[in-house]
Amino acid sequence: KRKMNKKTNDQLSATEELETMRHSIDAVDSELVKLLAKRCDLVAEVGAIKHRSGQSIYAPDREITLISERRAEAIEAGVSPDLVEDILRRIIRESYHTEKKSGFRTTNPEIGKIVVVGGKGRMGQLFCEMFLLSGYQVACLDQEDWARADEIVSDAGLVVVSVPISVTIAVIKRLPKLPKDCIICDLTSVKEPALNAMLAAHDGPVLGLHPMFGPDVKSFAKQVIVICEGRGLNQCTWVLDQFKIWGAHMRHITANCHDQAMVLIQAVRHFTTAISGFYLKNVGANLQELLQLSSPIYRLELSMVGRLFAQNPVLYADIIHSSPQNIKALRDYLDVLTEAVELVEKNDKEAFIKKFKEVSEWFGELSGYFLEESNNQLLGANDYQHRSRPNGYSV
């Protein structure tokens with residue numbers, strides 16, 4: 001009985017001790033929240049200064065220095081430098097969104113009106129918002145506005161075509177005559193046909209653009225915009241400077257090289273992801289069970305499949321069906337898949353391992369880099385599993 005009482009007393013003592021320590025931790029967490037709020041206020045002031053001076057929202061050298069110094073301080077304080085870097089990078093990412101609220105400097109206040117064709121679409125809305133935040137006059141030209149198209153574009157300094165791939169060429173051909181010095185650009189993921197159509201329809205400056213991100217980004221900081229030169233690049237410099245102020249990276253490439261790369265980056269990848277979803281549905285996979293049994297890496301892969309099916313199917317159908325090159329690439333992919341299945345059917349492990357090693361050597365040092373990068377991503381994925389899920393789905 002005395003032993004039982006002692007055990008009970010020890011448990012009560014431990015509970016009280018834990019409560020005391022938890023209150024202390026809560027107090028520290030509250031201080032962290034206050035410090036984050038203070039940092040956000042400072043970031044807003046920094047954003048206002050950048051707005052006035054026309055500096056880019058993204059300062060890579062400053063970010064590298066900041067993280068390097070804080071890592072050194074973490075080591076000195078006996079704290080994991082990786083933990084500190086993870087926290088800082090998340091805070092910095094949010095900071096870019098905070099700085100965006102201050103607006104951006106206008107790189108060409110004399111340009112006049114910017115017209116976004118398809119401005120009511122999600123990507124069109126995003127670019128309308130960014131140009132408005134930069135102080136430009138912005139107008140939309142959508143399906144219901146074509147009766148007024150001549151009037152809308154009559155004094156345009158920049159026309160941005162942001163419509164589905166399947167109708168891009170037809171929309172460009174349908175545009176009324178633009179002012180001579182007006183820049184026309186598109187946001188299509190297939191560049192060569194759109195660029196040729198714009199060059200044929202307009203005698204002035206022409207620029208092919210491909211934002212390598214979706215319309216749900218909170219900030220352009222660190223995002224890539226592909227630039228395919230058409231005509232009069234010198235007259236388009238202010239547009240590129242505006243993108244830099246927004247924090248975007250510019251990648252210049254020919255339209256033909258871009259389209260070849262997009263076959264692999266977009267068409268094949270989206271197709272194989274879609275096929276994974278088709279397969280899971282066809283076999284009647286129990287998603288709840290898969291989530292419960294998944295390792296972080298498989299959960300991340302499953303998330304990427306599910307992410308695709310949470311979006312507009314027309315967009316992905318347009319991308320996959322956009323070019324004859326895609327058909328050839330998908331046939332080549334099918335050949336590789338068929339060959340791999342045959343190796344499994346023959347139980348030829350030696351041949352499979354040999355091919356695996358050949359690809360590993362082909363990736364070279366990048367395979368190690370990708371391993372480290374994916375490990376960092378998996379840490380976040382592992383944390384995310386404990387957040388709320390739709391009804392009936394839990395881990």
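The values are calculated or read from the model by the stated rules, or taken from the named source; none is laboratory data. Note that the coordinates shown come from a computational prediction; the quantities given were computed from them, not determined experimentally. Ideal geometry is used to build each Cβ from the backbone, glycine not excepted, and the neighbour counts take in all protein chains shown. Note: areas computed on protein heavy atoms with side chains; ligands, DNA, RNA excluded. Shrake-Rupley method; radii C 1.70, N 1.55, O 1.52, S 1.80 Å.
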For region 304-329, what are the residues that are assigned to a helix (DSSP H, G or I) and hydroxyl-bearing (Ser, Thr, Tyr)? Tyr316
Report yes if Arg90 is open to solvent by 70 Å² or more (accessible area, probe 1.4 Å) and closer than 30 Å to Leu133 by Cβ, otherwise no. yes
Against the condition at pLDDT below 95 and part of a helix (DSSP H, G or I), how does Asp332 come out, does it pass? no
Would you pick out the residues in region 312-341 that are within 17 Å of Ser189 (Cβ to Cβ) and exposed (fewer than 12 other Cβ atoms within 10 Å of the Cβ)? Asn312, Pro313, Val314, Pro324
Across (1) open to solvent by less than 20 Å² (accessible area, probe 1.4 Å); (2) touching a residue at least 40 places away in the same chain (Cβ under 8 Å), Trp238 clears everything bar (1)
Long-range neighbours under 6 Å by Cβ, at least six apart or interchain, first residue over 30 Å from Val163 (Cα atoms) within region 322-350, second hydrophobic (A, V, I, L, M, F, W, C) and open to solvent by less than 90 Å² (accessible area, probe 1.4 Å): Leu343/Ala351
Being over 30 Å from Arg52 (Cα atoms) and not in a loop (DSSP other than H, G, I, E, B) narrows Val116, Val163, Val167 down to just Val167
Tell me, which residue of region 284-294 that is open to solvent by less than 50 Å² (accessible area, probe 1.4 Å) and in contact with a helix residue (DSSP H, G or I) (Cβ under 9 Å, 6 or more places away or on another chain) is modelled with the lowest pLDDT? Ser294
Looking only at residues in region 51-80 that are farther than 29 Å from Lys218 by Cα and among the charged types (D, E, K, R), which one is surrounded by the fewest Cβ atoms within 10 Å (Cβ to Cβ)? Glu76
Region 198-235: number of residues that are open to solvent by less than 40 Å² (accessible area, probe 1.4 Å) and either over 17 Å from Leu187 (Cα atoms) or assigned to a loop (DSSP other than H, G, I, E, B) (or both): 10
Does Lys173 count as at negative phi and in a loop (DSSP other than H, G, I, E, B)? no
Which numbered condition Gln125 misses (of (1) over 21 Å from Val239 (Cβ atoms); (2) out of contact with any strand residue (DSSP E or B) (no Cβ under 7 Å at 6 or more places or on another chain); (3) not hydroxyl-bearing (Ser, Thr, Tyr)): (1)
If you go through region 250-270, how many residues are under 22 Å from Ser374 (Cβ atoms) and open to solvent by 60 Å² or more (accessible area, probe 1.4 Å)? 3
